[in-house]
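Chemist: Next up is a structure, given as C-alpha coordinates.
The values are calculated or read from the model by the stated rules, or taken from the named source; none is laboratory data. Only a predicted model underlies this, so the values are computations on that prediction, with no experimental measurement involved. As a convention, Cβ positions derive from the backbone with ideal geometry for all residues, glycine included, and neighbour counts pool all protein chains shown.
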Amino acid sequence: MVGGGGNAMIGPIHLRAALMENDIELVCGCFSRNYETSLATGRAWHVQRIYRDYREMMEREAALPADERMDFVAIVTPNKVHYEQAALALDKGFDVVLDKPMTFSLDEALRLRDKVNQTGRTFALTHTYSAYPAVKEMKARIQAGELGRLRLVDVEYTQGWLSQRIELQGGNNAGWRTDPALSGKGGCVGDIGTHAWHLSEYITGERVTELCAELSTFVEGRPIDDDAVALLHFTNGLHGVLHATQVATGEENRIAIRVSGEKGTFEWQQMEPNTLIIRWGDRPAEIIRTGNGYMSGLAKWNTRTPGGHPEGYIEAFANIYRNFVATVRAKAAGRTPTPEELDFPNVIDGLRGLQFIETMVKAGYDRDKKWVKWVEE
(Lines give C-alpha, C1' and ligand atoms only; values in the text may rest on other atoms or scores of the structure.)
Protein backbone atom coordinates (compact mmCIF):
# COMPACT_ATOMS: atom_id res chain seq x y z
CA MET A 1 0.00 0.00 0.00
CA VAL A 2 1.08 3.55 -0.75
CA GLY A 3 -0.58 6.11 1.56
CA GLY A 4 -3.30 5.39 4.09
CA GLY A 5 -1.33 6.10 7.26
CA GLY A 6 -1.94 8.46 10.16
CA ASN A 7 -5.46 9.91 10.23
CA ALA A 8 -6.30 8.84 6.66
CA MET A 9 -9.86 7.61 6.21
CA ILE A 10 -9.63 5.41 3.13
CA GLY A 11 -6.45 3.40 3.86
CA PRO A 12 -7.94 1.33 6.70
CA ILE A 13 -11.07 0.73 4.60
CA HIS A 14 -8.94 -0.60 1.74
CA LEU A 15 -7.17 -2.90 4.19
CA ARG A 16 -10.38 -4.28 5.73
CA ALA A 17 -11.89 -4.83 2.29
CA ALA A 18 -8.77 -6.55 0.94
CA LEU A 19 -8.59 -8.91 3.91
CA MET A 20 -12.24 -9.94 3.82
CA GLU A 21 -11.80 -12.98 1.55
CA ASN A 22 -8.67 -14.14 3.42
CA ASP A 23 -6.72 -14.41 0.16
CA ILE A 24 -4.74 -11.15 0.32
CA GLU A 25 -1.96 -10.30 2.77
CA LEU A 26 -0.51 -6.82 3.30
CA VAL A 27 3.24 -7.46 3.14
CA CYS A 28 4.79 -4.05 2.58
CA GLY A 29 4.03 -0.37 2.31
CA CYS A 30 4.95 3.27 2.44
CA PHE A 31 2.03 4.69 4.40
CA SER A 32 3.04 8.34 4.74
CA ARG A 33 5.60 10.90 3.58
CA ASN A 34 6.52 11.08 7.27
CA TYR A 35 8.58 7.97 7.97
CA GLU A 36 7.66 7.88 11.67
CA THR A 37 3.97 7.89 10.75
CA SER A 38 4.61 5.20 8.16
CA LEU A 39 6.45 3.07 10.72
CA ALA A 40 3.71 3.45 13.31
CA THR A 41 1.01 2.53 10.79
CA GLY A 42 2.91 -0.45 9.41
CA ARG A 43 3.69 -1.83 12.85
CA ALA A 44 0.06 -1.46 13.94
CA TRP A 45 -0.96 -3.42 10.84
CA HIS A 46 1.77 -6.08 11.39
CA VAL A 47 3.44 -5.31 8.06
CA GLN A 48 6.70 -7.09 7.25
CA ARG A 49 8.47 -4.42 5.15
CA ILE A 50 7.99 -0.67 5.71
CA TYR A 51 9.69 1.69 3.26
CA ARG A 52 10.68 5.35 3.43
CA ASP A 53 9.09 6.23 0.09
CA TYR A 54 7.16 4.56 -2.71
CA ARG A 55 10.10 4.65 -5.15
CA GLU A 56 12.26 2.67 -2.75
CA MET A 57 9.40 0.24 -2.27
CA MET A 58 8.88 -0.36 -6.00
CA GLU A 59 12.61 -0.80 -6.66
CA ARG A 60 13.31 -3.13 -3.77
CA GLU A 61 10.16 -5.20 -4.17
CA ALA A 62 10.85 -5.70 -7.88
CA ALA A 63 14.32 -7.02 -6.99
CA LEU A 64 12.95 -9.72 -4.66
CA PRO A 65 12.30 -13.30 -5.84
CA ALA A 66 8.87 -13.78 -7.40
CA ASP A 67 7.55 -15.79 -4.45
CA GLU A 68 8.56 -13.08 -1.96
CA ARG A 69 7.77 -9.74 -3.62
CA MET A 70 4.40 -8.01 -3.48
CA ASP A 71 1.98 -9.04 -6.24
CA PHE A 72 0.09 -5.75 -6.51
CA VAL A 73 -0.07 -2.33 -4.92
CA ALA A 74 -3.03 -0.37 -3.54
CA ILE A 75 -2.55 3.38 -4.01
CA VAL A 76 -4.59 5.53 -1.60
CA THR A 77 -2.89 8.92 -1.88
CA PRO A 78 -4.16 12.37 -2.99
CA ASN A 79 -5.00 12.74 -6.70
CA LYS A 80 -1.88 14.82 -7.39
CA VAL A 81 0.47 11.83 -7.18
CA HIS A 82 -1.73 9.03 -8.55
CA TYR A 83 -0.20 8.98 -12.01
CA GLU A 84 3.47 8.83 -11.08
CA GLN A 85 2.89 6.16 -8.42
CA ALA A 86 0.66 3.97 -10.60
CA ALA A 87 2.86 4.35 -13.68
CA LEU A 88 5.98 3.33 -11.74
CA ALA A 89 4.20 0.27 -10.32
CA LEU A 90 3.08 -0.81 -13.78
CA ASP A 91 6.58 -0.30 -15.20
CA LYS A 92 8.01 -2.47 -12.42
CA GLY A 93 5.60 -5.29 -13.30
CA PHE A 94 3.01 -4.84 -10.55
CA ASP A 95 -0.78 -4.84 -10.88
CA VAL A 96 -2.56 -1.81 -9.40
CA VAL A 97 -5.64 -0.93 -7.36
CA LEU A 98 -6.13 2.84 -7.36
CA ASP A 99 -8.51 5.28 -5.68
CA LYS A 100 -10.66 7.57 -7.80
CA PRO A 101 -10.48 9.95 -9.53
CA MET A 102 -7.78 8.07 -11.39
CA THR A 103 -5.38 10.96 -11.96
CA PHE A 104 -4.88 14.67 -11.42
CA SER A 105 -5.61 15.61 -15.05
CA LEU A 106 -7.08 14.24 -18.25
CA ASP A 107 -3.65 14.19 -19.88
CA GLU A 108 -2.37 11.94 -17.10
CA ALA A 109 -5.44 9.71 -17.45
CA LEU A 110 -4.72 9.21 -21.15
CA ARG A 111 -1.10 8.37 -20.43
CA LEU A 112 -2.07 5.92 -17.69
CA ARG A 113 -4.58 4.26 -20.01
CA ASP A 114 -1.78 3.78 -22.53
CA LYS A 115 0.56 2.49 -19.82
CA VAL A 116 -1.96 -0.16 -18.69
CA ASN A 117 -2.44 -1.27 -22.30
CA GLN A 118 1.31 -1.39 -22.96
CA THR A 119 2.18 -3.37 -19.85
CA GLY A 120 -0.81 -5.70 -19.92
CA ARG A 121 -1.14 -5.45 -16.14
CA THR A 122 -4.46 -5.69 -14.31
CA PHE A 123 -5.81 -2.35 -13.09
CA ALA A 124 -8.79 -1.65 -10.81
CA LEU A 125 -10.38 1.64 -9.76
CA THR A 126 -12.40 1.84 -6.55
CA HIS A 127 -15.78 3.14 -7.69
CA THR A 128 -17.19 1.30 -4.71
CA TYR A 129 -20.90 1.96 -5.10
CA SER A 130 -21.10 -0.01 -8.34
CA ALA A 131 -20.17 -3.15 -6.35
CA TYR A 132 -23.27 -3.46 -4.13
CA PRO A 133 -25.33 -6.60 -4.87
CA ALA A 134 -28.53 -4.56 -5.35
CA VAL A 135 -26.76 -2.36 -7.90
CA LYS A 136 -25.58 -5.49 -9.73
CA GLU A 137 -29.18 -6.73 -9.72
CA MET A 138 -30.48 -3.48 -11.19
CA LYS A 139 -27.84 -3.61 -13.92
CA ALA A 140 -28.64 -7.24 -14.76
CA ARG A 141 -32.40 -6.61 -14.97
CA ILE A 142 -31.93 -3.55 -17.17
CA GLN A 143 -29.63 -5.54 -19.47
CA ALA A 144 -32.35 -8.21 -19.64
CA GLY A 145 -34.81 -5.57 -20.88
CA GLU A 146 -37.17 -5.53 -17.90
CA LEU A 147 -37.71 -1.76 -18.17
CA GLY A 148 -37.91 -1.70 -21.95
CA ARG A 149 -36.37 1.36 -23.58
CA LEU A 150 -34.74 3.58 -20.96
CA ARG A 151 -35.91 7.17 -20.64
CA LEU A 152 -34.69 8.82 -17.45
CA VAL A 153 -31.95 8.46 -14.82
CA ASP A 154 -31.76 10.59 -11.67
CA VAL A 155 -28.68 10.20 -9.47
CA GLU A 156 -27.59 12.10 -6.38
CA TYR A 157 -24.72 12.02 -3.95
CA THR A 158 -25.26 14.44 -1.07
CA GLN A 159 -23.04 15.08 1.95
CA GLY A 160 -22.87 17.85 4.53
CA TRP A 161 -19.42 17.41 6.05
CA LEU A 162 -17.95 20.43 4.20
CA SER A 163 -20.77 22.82 5.14
CA GLN A 164 -18.17 24.80 7.08
CA ARG A 165 -14.58 25.46 6.08
CA ILE A 166 -13.19 22.64 8.22
CA GLU A 167 -10.15 22.29 5.96
CA LEU A 168 -8.63 25.24 7.86
CA GLN A 169 -8.78 23.34 11.15
CA GLY A 170 -6.47 20.51 10.11
CA GLY A 171 -6.60 17.00 11.49
CA ASN A 172 -9.19 15.86 8.93
CA ASN A 173 -9.37 14.67 5.35
CA ALA A 174 -10.72 17.94 3.95
CA GLY A 175 -7.39 19.68 3.32
CA TRP A 176 -6.24 18.14 0.04
CA ARG A 177 -9.80 17.59 -1.23
CA THR A 178 -10.44 21.34 -1.23
CA ASP A 179 -7.03 22.33 -2.60
CA PRO A 180 -6.91 22.51 -6.43
CA ALA A 181 -3.14 22.01 -6.33
CA LEU A 182 -3.70 18.53 -4.88
CA SER A 183 -7.17 17.50 -6.06
CA GLY A 184 -7.14 18.81 -9.63
CA LYS A 185 -9.80 20.91 -11.35
CA GLY A 186 -12.73 19.30 -9.58
CA GLY A 187 -13.55 19.56 -5.90
CA CYS A 188 -16.94 18.09 -5.10
CA VAL A 189 -17.42 17.11 -8.74
CA GLY A 190 -14.21 15.07 -8.67
CA ASP A 191 -14.49 13.65 -5.16
CA ILE A 192 -18.10 12.41 -5.22
CA GLY A 193 -19.58 13.65 -8.51
CA THR A 194 -17.52 11.02 -10.32
CA HIS A 195 -19.17 8.32 -8.18
CA ALA A 196 -22.64 9.52 -9.16
CA TRP A 197 -21.71 9.73 -12.84
CA HIS A 198 -20.13 6.26 -12.77
CA LEU A 199 -23.23 4.71 -11.20
CA SER A 200 -25.41 6.19 -13.95
CA GLU A 201 -23.27 4.74 -16.75
CA TYR A 202 -22.56 1.40 -15.05
CA ILE A 203 -26.20 0.60 -14.27
CA THR A 204 -27.75 1.78 -17.53
CA GLY A 205 -25.00 0.61 -19.87
CA GLU A 206 -25.26 3.97 -21.69
CA ARG A 207 -22.65 6.73 -21.96
CA VAL A 208 -22.96 10.47 -21.44
CA THR A 209 -22.55 12.36 -24.73
CA GLU A 210 -23.19 15.95 -23.59
CA LEU A 211 -24.19 17.85 -20.48
CA CYS A 212 -25.38 21.18 -19.13
CA ALA A 213 -23.91 21.97 -15.71
CA GLU A 214 -23.43 24.45 -12.91
CA LEU A 215 -20.57 24.27 -10.42
CA SER A 216 -20.88 26.36 -7.26
CA THR A 217 -18.85 27.23 -4.19
CA PHE A 218 -21.15 27.98 -1.27
CA VAL A 219 -18.58 28.18 1.53
CA GLU A 220 -16.89 31.58 1.39
CA GLY A 221 -13.15 31.47 0.69
CA ARG A 222 -13.06 27.89 -0.56
CA PRO A 223 -11.05 27.88 -3.81
CA ILE A 224 -12.90 24.99 -5.48
CA ASP A 225 -16.45 23.78 -6.09
CA ASP A 226 -18.44 22.20 -3.25
CA ASP A 227 -21.67 21.65 -5.22
CA ALA A 228 -22.36 20.34 -8.73
CA VAL A 229 -25.58 20.00 -10.73
CA ALA A 230 -25.93 18.68 -14.28
CA LEU A 231 -28.43 17.70 -16.93
CA LEU A 232 -27.11 14.74 -18.92
CA HIS A 233 -27.74 13.36 -22.38
CA PHE A 234 -26.73 9.71 -22.88
CA THR A 235 -26.55 7.40 -25.87
CA ASN A 236 -29.84 5.92 -27.13
CA GLY A 237 -31.92 8.91 -26.05
CA LEU A 238 -31.55 8.49 -22.28
CA HIS A 239 -31.77 11.75 -20.29
CA GLY A 240 -30.45 12.30 -16.77
CA VAL A 241 -30.13 14.63 -13.80
CA LEU A 242 -27.11 14.55 -11.48
CA HIS A 243 -26.60 16.37 -8.19
CA ALA A 244 -23.49 16.06 -6.04
CA THR A 245 -22.93 18.28 -3.02
CA GLN A 246 -20.81 18.36 0.11
CA VAL A 247 -22.62 21.29 1.71
CA ALA A 248 -26.10 19.82 2.33
CA THR A 249 -25.93 20.50 6.06
CA GLY A 250 -26.82 17.45 8.12
CA GLU A 251 -26.64 14.95 5.28
CA GLU A 252 -24.38 11.97 5.96
CA ASN A 253 -23.67 10.07 2.75
CA ARG A 254 -26.84 9.86 0.70
CA ILE A 255 -26.36 8.09 -2.61
CA ALA A 256 -29.50 7.32 -4.58
CA ILE A 257 -30.32 6.44 -8.17
CA ARG A 258 -33.58 6.04 -10.04
CA VAL A 259 -33.83 4.64 -13.59
CA SER A 260 -37.09 4.84 -15.55
CA GLY A 261 -38.03 3.05 -18.75
CA GLU A 262 -41.14 2.38 -20.81
CA LYS A 263 -42.33 -0.37 -18.47
CA GLY A 264 -41.26 0.72 -14.99
CA THR A 265 -38.77 2.36 -12.64
CA PHE A 266 -35.95 0.97 -10.48
CA GLU A 267 -34.80 2.81 -7.37
CA TRP A 268 -31.90 2.16 -4.95
CA GLN A 269 -30.42 4.07 -2.01
CA GLN A 270 -27.08 3.26 -0.41
CA MET A 271 -28.35 3.86 3.11
CA GLU A 272 -30.81 0.97 2.54
CA PRO A 273 -28.31 -1.16 0.61
CA ASN A 274 -30.13 -4.52 0.48
CA THR A 275 -33.33 -3.11 -1.04
CA LEU A 276 -34.18 -2.51 -4.69
CA ILE A 277 -37.63 -1.07 -5.41
CA ILE A 278 -39.35 -1.70 -8.75
CA ARG A 279 -42.39 0.37 -9.66
CA TRP A 280 -44.47 -0.87 -12.60
CA GLY A 281 -46.97 0.95 -14.76
CA ASP A 282 -49.47 -1.91 -14.86
CA ARG A 283 -49.15 -3.72 -11.50
CA PRO A 284 -48.17 -3.12 -7.86
CA ALA A 285 -44.64 -2.17 -6.94
CA GLU A 286 -42.15 -4.86 -5.92
CA ILE A 287 -39.45 -4.90 -3.24
CA ILE A 288 -36.42 -6.97 -4.16
CA ARG A 289 -34.11 -7.97 -1.30
CA THR A 290 -30.56 -9.18 -1.85
CA GLY A 291 -29.42 -12.55 -0.55
CA ASN A 292 -32.47 -14.40 -1.87
CA GLY A 293 -32.63 -17.15 -4.46
CA TYR A 294 -34.41 -15.08 -7.08
CA MET A 295 -31.44 -12.74 -7.57
CA SER A 296 -29.47 -12.70 -10.82
CA GLY A 297 -26.20 -14.58 -11.16
CA LEU A 298 -24.26 -11.30 -11.15
CA ALA A 299 -25.84 -10.22 -7.85
CA LYS A 300 -25.36 -13.67 -6.28
CA TRP A 301 -21.68 -13.68 -7.24
CA ASN A 302 -21.22 -10.45 -5.26
CA THR A 303 -23.32 -11.47 -2.21
CA ARG A 304 -21.76 -12.92 0.93
CA THR A 305 -24.63 -13.36 3.40
CA PRO A 306 -28.16 -14.83 3.42
CA GLY A 307 -31.17 -12.57 2.98
CA GLY A 308 -31.84 -10.18 5.85
CA HIS A 309 -28.18 -9.67 6.73
CA PRO A 310 -27.17 -6.19 5.49
CA GLU A 311 -24.13 -5.95 3.27
CA GLY A 312 -22.62 -2.52 3.23
CA TYR A 313 -19.78 -0.29 2.14
CA ILE A 314 -16.81 -2.46 3.11
CA GLU A 315 -18.40 -5.56 1.56
CA ALA A 316 -18.91 -3.62 -1.68
CA PHE A 317 -15.29 -2.46 -1.51
CA ALA A 318 -14.26 -6.08 -0.95
CA ASN A 319 -16.13 -7.16 -4.10
CA ILE A 320 -13.81 -5.00 -6.19
CA TYR A 321 -10.74 -6.54 -4.53
CA ARG A 322 -12.07 -10.09 -4.88
CA ASN A 323 -12.92 -9.72 -8.57
CA PHE A 324 -9.59 -7.99 -9.24
CA VAL A 325 -7.65 -10.81 -7.55
CA ALA A 326 -9.68 -13.47 -9.36
CA THR A 327 -8.78 -11.79 -12.66
CA VAL A 328 -5.09 -11.60 -11.76
CA ARG A 329 -5.06 -15.29 -10.85
CA ALA A 330 -6.95 -16.31 -13.99
CA LYS A 331 -4.47 -14.46 -16.21
CA ALA A 332 -1.52 -15.98 -14.34
CA ALA A 333 -3.00 -19.43 -14.93
CA GLY A 334 -3.50 -18.76 -18.64
CA ARG A 335 -7.27 -18.76 -18.26
CA THR A 336 -9.64 -16.13 -19.63
CA PRO A 337 -11.36 -14.43 -16.66
CA THR A 338 -15.15 -14.85 -16.48
CA PRO A 339 -17.46 -11.84 -16.96
CA GLU A 340 -18.18 -11.93 -13.21
CA GLU A 341 -14.46 -11.83 -12.40
CA LEU A 342 -13.91 -8.93 -14.80
CA ASP A 343 -16.78 -6.96 -13.27
CA PHE A 344 -14.80 -4.19 -11.59
CA PRO A 345 -14.05 -0.58 -12.63
CA ASN A 346 -10.99 -0.40 -14.88
CA VAL A 347 -8.74 2.13 -16.57
CA ILE A 348 -11.43 3.08 -19.11
CA ASP A 349 -13.77 3.99 -16.26
CA GLY A 350 -10.94 6.06 -14.85
CA LEU A 351 -10.35 7.84 -18.15
CA ARG A 352 -14.04 8.61 -18.56
CA GLY A 353 -14.08 9.93 -14.99
CA LEU A 354 -11.47 12.54 -15.89
CA GLN A 355 -13.40 13.34 -19.07
CA PHE A 356 -16.48 13.84 -16.90
CA ILE A 357 -14.62 16.28 -14.64
CA GLU A 358 -13.22 18.19 -17.62
CA THR A 359 -16.64 18.42 -19.27
CA MET A 360 -18.31 19.53 -16.03
CA VAL A 361 -15.69 22.23 -15.44
CA LYS A 362 -15.95 23.40 -19.05
CA ALA A 363 -19.74 23.69 -18.77
CA GLY A 364 -20.14 24.53 -15.10
CA TYR A 365 -18.31 27.85 -14.90
CA ASP A 366 -19.53 29.42 -18.14
CA ARG A 367 -23.06 30.72 -17.65
CA ASP A 368 -23.39 31.46 -21.38
CA LYS A 369 -22.85 27.84 -22.35
CA LYS A 370 -25.75 25.47 -22.38
CA TRP A 371 -24.99 22.01 -23.71
CA VAL A 372 -21.33 21.00 -23.87
CA LYS A 373 -20.19 17.92 -25.76
CA TRP A 374 -18.35 15.22 -23.83
CA VAL A 375 -14.63 16.03 -23.77
CA GLU A 376 -12.92 13.33 -25.84
CA GLU A 377 -9.20 12.71 -26.20
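Chemist: Restricting attention to region 349-372, report how many residues are over 19 Å from residue 206 (Cα atoms) and assigned to a loop (DSSP other than H, G, I, E, B).
Modeler: Residues that pass the stated criteria total 6.
Chemist: Then there's this: Residues that are at pLDDT 95 or above, assigned to a helix (DSSP H, G or I), buried (at least 22 other Cβ atoms within 10 Å of the Cβ) and among the hydrophobic types (A, V, I, L, M, F, W, C): does region 53-65 have at least one?
Modeler: Pass one, region 53-65, residues at pLDDT 95 or above: 53-65.
Among the residues that remain, those that are also assigned to a helix (DSSP H, G or I) are: 54-63.
Now restrict to residues that are buried (at least 22 other Cβ atoms within 10 Å of the Cβ): 54, 57-58.
Cutting the leftovers down to among the hydrophobic types (A, V, I, L, M, F, W, C) gives us 57-58.
Yes.
Chemist: Within the bounds of region 170-180, is there any residue that is farther than 25 Å from residue 3 by Cα and either surrounded by 23 or more Cβ atoms within 10 Å (Cβ to Cβ) or within 17 Å of the chain's Cα centre (by Cα) (or both)? Full working, then the answer.
Modeler: Residues of region 170-180 that are farther than 25 Å from residue 3 by Cα, as a first pass: none.
Looking through region 170-180, none of the residues is farther than 25 Å from residue 3 by Cα and either surrounded by 23 or more Cβ atoms within 10 Å (Cβ to Cβ) or within 17 Å of the chain's Cα centre (by Cα) (or both).
Chemist: Tell me, which residue of region 229-278 that is of a type in the set (Ser, Thr, Tyr) and assigned to a strand (DSSP E or B) is surrounded by the most Cβ atoms within 10 Å (Cβ to Cβ)?
Modeler: Ranking the candidates gives 245 first.
Chemist: Looking only at region 279-319, which residues are surrounded by fewer than 19 Cβ atoms within 10 Å (Cβ to Cβ) and β-branched (Val, Ile, Thr)?
Modeler: 287, 305, 314
Chemist: Let me ask you something else. Give the residue, chosen from 251, 210, 220, 206, that is under 29 Å from residue 138 (Cα atoms) and without any contact (Cβ under 8 Å) to a residue 60 or more places away in the chain.
Modeler: 206
Chemist: Of (1) over 20 Å from residue 253 (Cα atoms); (2) in contact with a helix residue (DSSP H, G or I) (Cβ under 9 Å, 6 or more places away or on another chain); (3) modelled with pLDDT of 95 or more, residue 182 satisfies all except one. Which?
Modeler: (3)
Chemist: Here is a further query. Please give the number of the condition residue 222 fails out of (1) crowded, with 22+ Cβ neighbours inside 10 Å; (2) on the phi < 0 side of the Ramachandran plot.
Modeler: (1)
Chemist: Given 48, 118, which one is exposed (fewer than 14 other Cβ atoms within 10 Å of the Cβ) and at pLDDT below 95?
Modeler: 48
Chemist: Could you tell me which residue of region 344-371 is modelled with the lowest pLDDT, considering only residues that are among the charged types (D, E, K, R) and over 13 Å from the mean Cα position of the chain (by Cα)?
Modeler: My answer is 367.
Chemist: To continue, here is another question. If you go through region 197-218 one residue at a time, do you hit one that is at pLDDT 95 or above and either more than 26 Å from residue 373 (Cα to Cα) or assigned by TED's automatic domain parsing to the domain that holds residue 102 (or both)?
Modeler: Going through region 197-218, the residues at pLDDT 95 or above turn out to be 197-218.
Filter again for either more than 26 Å from residue 373 (Cα to Cα) or assigned by TED's automatic domain parsing to the domain that holds residue 102 (or both), leaving 218.
Yes, that holds for at least one residue.
Chemist: Go through (1) surrounded by 17 or more Cβ atoms within 10 Å (Cβ to Cβ); (2) not in a helix (DSSP H, G or I) and name the single condition residue 160 misses.
Modeler: So residue 160 meets the others, but not (1).
Chemist: Residues in region 299-333 that are farther than 19 Å from residue 127 by Cα and hydrophobic (A, V, I, L, M, F, W, C): how many?
Modeler: Looking only at that region, the number is 3.
Chemist: Related question: Check region 95-113 and report whether any residue there is more than 20 Å from the chain's Cα centre (by Cα) and either part of a loop (DSSP other than H, G, I, E, B) or surrounded by fewer than 23 Cβ atoms within 10 Å (Cβ to Cβ) (or both).
Modeler: no
Chemist: Moving on to the next point. Residue check: is residue 215 in contact with a helix residue (DSSP H, G or I) (Cβ under 8 Å, 6 or more places away or on another chain) and either free of Cβ contacts under 8 Å to residues at least 12 places away in the same chain or of a type in the set (A, V, I, L, M) (or both)?
Modeler: On the way: in contact with a helix residue (DSSP H, G or I) (Cβ under 8 Å, 6 or more places away or on another chain): yes; either free of Cβ contacts under 8 Å to residues at least 12 places away in the same chain or of a type in the set (A, V, I, L, M) (or both): yes.
Yes.
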